[in-house]
Amino acid sequence: MADETTPPPVETLTYEQAFSELEAVVAALEQQEHPLEEALALYARGQALLQRCRRLLEEAELKVQRLSGGALQPFAADDEAAGEGA
């Protein structure tokens, strides 16, 4: 019989799912009420979730760069600040 509390594999999570679970893991670790082995398992899961979030953000950044022709565009606030000095 499968354990229903087993979390899904990290590599199957969307950014939002991974980030939400990461927040829950951090909150659980901050409570400091877990036995050592459980705390270590939570920490390991948190590290995996953090890596997943970073990887997904890097992939999104690369997609944005490709869509914008590889050139990073300044924000409008930068354009306004440059125009004020003229």
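The values are calculated or read from the model by the stated rules, or taken from the named source; none is laboratory data. Since we're looking at a predicted model, the values are computed, not measured. Here the Cβ positions follow ideal geometry from the backbone for every residue, glycine too, while neighbour counts run over all protein chains shown.
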- Item | Filtered residues of region 2-37 (kept if among the small types (Gly, Ala, Ser) and over 15 Å from LEU57 (Cα atoms)) | ALA2, ALA24, ALA27, ALA28
- Query: GLU11: modelled with pLDDT of 95 or more, acidic (Asp, Glu), within 11 Å of the chain's Cα centre (by Cα) and surrounded by 10 or more Cβ atoms within 10 Å (Cβ to Cβ), yes or no?
  - Reply: no
- Query: Looking at this structure, is LEU72 modelled with pLDDT of 95 or more and either exposed (fewer than 10 other Cβ atoms within 10 Å of the Cβ) or not β-branched (Val, Ile, Thr) (or both)?
  - Reply: no
- Query: For region 22-63, how many residues are surrounded by 15 or more Cβ atoms within 10 Å (Cβ to Cβ) and touching a residue at least 40 places away in the same chain (Cβ under 8 Å)?
  - Reply: 2
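Is it the case that LEU42 is touching a His at 6+ places or on another chain (Cβ under 8 Å) and at pLDDT 95 or above?
Against the criterion (touching a His at 6+ places or on another chain (Cβ under 8 Å) and at pLDDT 95 or above), LEU42 qualifies.
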